[in-house]
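Just so it is clear, none of the values below were taken in a lab; they were calculated from the coordinates. All values reported here derive from a predicted model rather than from experimental measurement. Please note: Cβ atoms are built from the backbone with ideal geometry, for glycine as well, and neighbour counts cover all protein chains shown.
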C-alpha cells in the first residue's frame with residue numbers, strides 16, 4: 001500500500017544530500033531503478049521507497065520480485081517533488097531511503113579480513129569505483145581513514161553501481177584502530193607505494209590487509225614502516241602516477257588471482 005508524503009518529509013529527504021543530515025539521521029538516498037533493485041536484492045537495510053504515482057503502479061520486475069520476498073513501505077510523490085528530492089538530472093521515478101549500518105570496528109563479531117584500507121581518499125568517483133573493484137575481486141571489507149569522503153555521498157553511491165550494498169564499509173578508522181585490527185588478527189599488513197617492489201604472485205591465504213594512499217600525498221610513513229610488505233606496480237612507460245582506483249584494481253588483480 002502506498003502513502004503520500006508531506007512537505008516536511010520532502011524537505012528532510014532533500015537535506016540528505018548533505019553529509020551533516022546523513023550523519024544526524026543515519027539515512028541516505030539510493031536513486032534510480034538499478035541501485036534500488038541492487039539494495040533490495042542484497043538485503044541492505046531500507047526504510048522505505050519513494051516513487052511517483054506512475055512508477056508505484058508499474059514497478060520494474062526486478063524491484064517487484066524483491067518486494068514480494070520482503071515488503072518495504074512505498075510513499076508516493078509528484079514528478080516535480082521527485083525532481084526536488086533527488087540529485088539526478090533525469091530522475092527515474094523511484095528512490096529508496098537507505099539506513100547507514102551501525103558497525104563500529106571495535107564492536108563487530110566478524111573479522112573484517114581480507115580488507116583494503118584507504119588513507120584520506122577524497123574523490124567520490126574514485127571511491128565508488130574502488131567499491132566496485134573490491135567486490136569484483138572478493139574483498140568485501142573497506143576501511144576508510146578520517147578525512148575521507150563519505151561513502152554515502154550521492155556521487156559515491158551512484159559510482160559504486162550497487163557494489164556498496166555488498167560490502168562492509170568502516171569509516172573513521174585511524175592508525176591506532178588499524179594497527180590494533182592487524183595485530184589482533186595476526187594479519188599480514190601490506191602497503192601500496194611507489195617505493196616498493198612488484199608483488200610476486202597471489203597472497204597465501206586471506207589473512208591480509210592492504211593500505212592505499214591518496215594520489216596527492218600517498219601513505220603516511222607510519223604505515224610504510226609497520227607494513228610487512230610494500231608493493232609497487234610495474235611501470236613500462238612514462239607518467240607521474242596512476243589513478244588510485246586503477247591502482248587498486250591492478251594490485252588486487254596481482255595478489256588475488
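What per residue convex hull volume, in Å³, do the alpha-carbon atoms of region 34-139 yield?
Details: hull volume 15.6 nm³, N = 106.
Convex hull of Cα atoms, per residue: 147 Å³.
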> Cα centroids of region 52-112 and region 198-257: how far apart, whole angstrom?
Replying inline: 35
> Over the Cα atoms of region 105-256, how large are the radius of gyration and the largest Cα-Cα distance (Dmax), in Å?
Replying inline: 14.3, 46
> What ranking of 221, 228 emerges when the number of other C-beta atoms within 10 Å of each C-beta is taken as an exposure proxy, fewest first?
Replying inline: 221, 228
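Would you mind ranking 216, 90, 145 by Cβ crowding within 10 Å, fewest neighbours first?
Values: 216 10, 90 7, 145 23.
Exposure proxy ranking, most exposed first: 90, 216, 145.
Highest mean first, what order results for 149-159, 234-244 on Cβ atoms within 10 Å? List each step's numbers first, then the result.
Values: 149-159: 21.1, 234-244: 10.0.
The densest-packed peptide leads the list: 149-159, 234-244.
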> For the Cα atoms of the chain, what angle does the longest principal axis make with the long axis of helix 124-136, in degrees from 0 to 90, nearest 10?
Replying inline: 80
> Tilt of helix 175-184 relative to the longest C-alpha principal axis of the chain, in degrees (0 to 90, nearest 10)?
Replying inline: 70
> Going by alpha carbons, how many degrees (0 to 90, nearest 10) lie between the helix axis of 244-256 and the longest principal axis of the chain?
Replying inline: 60
>> Please rank 222, 215, fewest neighbouring Cβ atoms within 10 Å first, as an exposure proxy.
In response: 222, 215
